[in-house]
Structures are given as structure tokens and as C-alpha cells.
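Some notes on the structure that comes next.
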Amino acid sequence: MDLYYLPGSAPCRSVLLCGKALGLDFNLKTLDLMAGEHLKPEFLKINYQHCIPTLVDNGFALWESRAILAYLVEKYGKDDSLYPKDPQKRYFVNQKLYFDMGTLYQRFADYYYPVLFAKAPYNPEAYKKMEEAVGFLNTALEGKTYAAGDNLTIADLALVATISTYDGFKFDFSKYPNVAKWYETCKKIPGYEVNQKGVDEFVEKFGPLLPK
């Protein structure tokens, strides 16, 4: 399977974590977005939205990281523990995936990306929205070991890729004990080092661009 990706990208890192959980090996193909490699005709033939991660599995092209996570488990999982088939259990996984995409990750992007890529000033209100999102997750994790129940699911893989990016930019989790505890649990996932390596690369590249 070919995986078009960048190591620092949180969505890409979630797919790498899923591959580790399933024992899959990807043929990694780095795309330099700054150089416009994602806009080359050969890549546009694979993915007209020219986004990463993009997975090509025996000629079948997929994108949108959370959809890729579900596909990988449904096709290659030995059981359904990472993405339960039971409708109620699956709801909690799906809800957290959509929360990650539309709220948790989006609010990180809303705060940092204008500063990084448009040289805009920091927006304190956007930071409050980040804190609110982490607060939502903290409430959701009350009494739980993992994001969607008692065992690891793809919801955790998506969320920890985002939360570790927050952490890379020195977000203070001390007010969110449930998130902090869950985060430490996720760091023990086999193969987690692939995520941390990507976080470190992301921070090394973009951290110096942030105004002090």
C-alpha cells in the first residue's frame, strides 16, 4: 500500500498509528506541499482534492484520514475491537472521530494556522475555543480509560495525534486531568514512537515561525 503523507501531519500520523496497530507496512511517499508536489498531474489523477494522507491499496485510492482508519480496520483487522460493529459502540467511535475533525483539530488549526501561514496576530478568542475543545474531551473521558469505552479504538488514534500536537506547542493540560491521564495511556500504544517522531518534526519545522 502506498501512503502519501508528511510525517508532521496529525491526520497522517493517525494512519501510521493504525498501521502499527494492525501490523501493516506502508510504502511511504512523502509529499512536499510547500513545493507543490500535491498539485502535480500524476497526484491529481490519484486524488482530485490533492490532500494528505492519501492511501492507494492495490489501485484503490482513499483520502480523509478518519475514513482511511475505518477502512483499514474493516479490511485488515483481525476483529472489530478497533472499530466495533455494534451500532451503539460504533456511534461513540464515530462521534469522537467527527469531534476530532470538526472541533478539536479544527480549533488548533483556527488558532495556529493564520499565525503560521498568514502572519496574522494571535487571536485570544480562538485560543479560548481550543481550551473549550479540550474541556469537552476532558468531560467525555470521565471514568473512561479510552475515548470510546474500555478499549483502544481508532477514535483514540485520531485524537492522540491531535492532542500530541497541542502538547508539542506547549498546551497546558494541568486543568484537564482526564485528558492528561488518557494521553499518558495512549503513549504506551505499541508503535507510538512513530507519532512522537512526527510531532517533533512538526514542532521543529514550524515552532520557530511562531512569534514570541
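Worth pointing out:
- Total residues in region 17-42, condition over 28 Å from residue 159 (Cβ atoms) and surrounded by 15 or more Cβ atoms within 10 Å (Cβ to Cβ): 1
- Candidates 21, 61, 67: the one that is free of Cβ contacts under 8 Å to residues at least 40 places away in the same chain and within 24 Å of residue 163 (Cα to Cα) is 67.
- Which numbered condition residue 105 fails, given (1) buried (at least 19 other Cβ atoms within 10 Å of the Cβ); (2) outside the structural domain of residue 169 (by the TED database); (3) within 19 Å of residue 202 (Cβ to Cβ): (2)
- Breaking point among (1) outside the structural domain of residue 34 (by the TED database); (2) in a helix (DSSP H, G or I); (3) out of contact with any strand residue (DSSP E or B) (no Cβ under 8 Å at 6 or more places or on another chain), for residue 92: (3)
- Among the candidates 82, 72, 55, residue that is under 17 Å from the mean Cα position of the chain (by Cα), modelled with pLDDT of 95 or more and assigned to a helix (DSSP H, G or I): 72
- The C-beta contact set for region 113-136 (first residue among the charged types (D, E, K, R), second residue in a helix (DSSP H, G or I) and surrounded by 15 or more Cβ atoms within 10 Å (Cβ to Cβ), distance under 6 angstrom, 6+ apart or interchain) comprises 129/107.
- Qualifying residues in region 140-196 (those that are open to solvent by less than 10 Å² (accessible area, probe 1.4 Å) and part of a loop (DSSP other than H, G, I, E, B)) - the one farthest from residue 8 (Cα to Cα): 141
The values are calculated or read from the model by the stated rules, or taken from the named source; none is laboratory data. Everything quoted here is computed from the prediction, not taken from an experiment. Positions of Cβ are backbone-derived with ideal geometry, glycine not excepted, and every protein chain shown enters the neighbour counts. All accessible areas refer to the heavy atoms of the entire protein, side chains included, with ligands and DNA or RNA removed. Shrake-Rupley method; radii C 1.70, N 1.55, O 1.52, S 1.80 Å.
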